[in-house]
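Here is the structure we will look at, set down as structure tokens.
The values are calculated or read from the model by the stated rules, or taken from the named source; none is laboratory data. Because the structure is a prediction, the values reported are computed rather than measured. Neighbour counts are summed over all protein chains in view; Cβ atoms, including those assigned to glycine, are modelled from backbone coordinates with ideal geometry.
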Amino acid sequence: MNILIKPLVTEKMTTLSEKYNRYGFVVDSRATKPEIKKAVESYYDVKVVSVNTMNYQGKKKSRYTKAGVISGRTASFKKALVTLQEGDIIDFYSNI
């Protein structure tokens, strides 16, 4: 099971990482906190202090087009906030 799907790189997450050494990831919805901790520690070679998770439900969206109303749903996902030990950092921009 691929636990880490993608990192969250937004203005809010950048502020959290600078201020509190906390990073965000979109993770598999079946992943547990110990699995997320182990995956981040092995992949980025850092020490994880805590993991907070939250489930986001998909929202209903609709658009008005020439053909009529198109209705759909955005995807549901699970987000994990990972707090690292003092002095450890994750650089998402090193591969660019």
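Being in contact (Cβ under 8 Å) with a residue 24 or more places away in the chain, surrounded by fewer than 14 Cβ atoms within 10 Å (Cβ to Cβ) and not aromatic (Phe, Trp, Tyr) is the requirement here; does Val9 meet it? Spell out the reasoning first.
Working: in contact (Cβ under 8 Å) with a residue 24 or more places away in the chain: yes; surrounded by fewer than 14 Cβ atoms within 10 Å (Cβ to Cβ): yes; not aromatic (Phe, Trp, Tyr): yes.
Answer is yes for this residue.
The condition (being in a strand (DSSP E or B), farther than 25 Å from Tyr93 by Cβ and either modelled with pLDDT of 95 or more or hydroxyl-bearing (Ser, Thr, Tyr) (or both)) is satisfied by just one residue among Tyr23, Tyr64: Tyr64. Restricting the search to region 62-79, which residues are surrounded by fewer than 10 Cβ atoms within 10 Å (Cβ to Cβ) and within 21 Å of Lys6 (Cβ to Cβ)? Selection gives Ala75 alone. Restricted to region 39-61, and to residues there that are in a helix (DSSP H, G or I) and in contact (Cβ under 8 Å) with a residue 12 or more places away in the chain, the residue that is surrounded by the most Cβ atoms within 10 Å (Cβ to Cβ) is Val40.
The set of residues from region 73-92 being over 15 Å from the mean Cα position of the chain (by Cα), farther than 18 Å from Lys19 by Cα and either outside any strand (DSSP E or B) or at pLDDT below 95 (or both) comprises just one member, Thr74.
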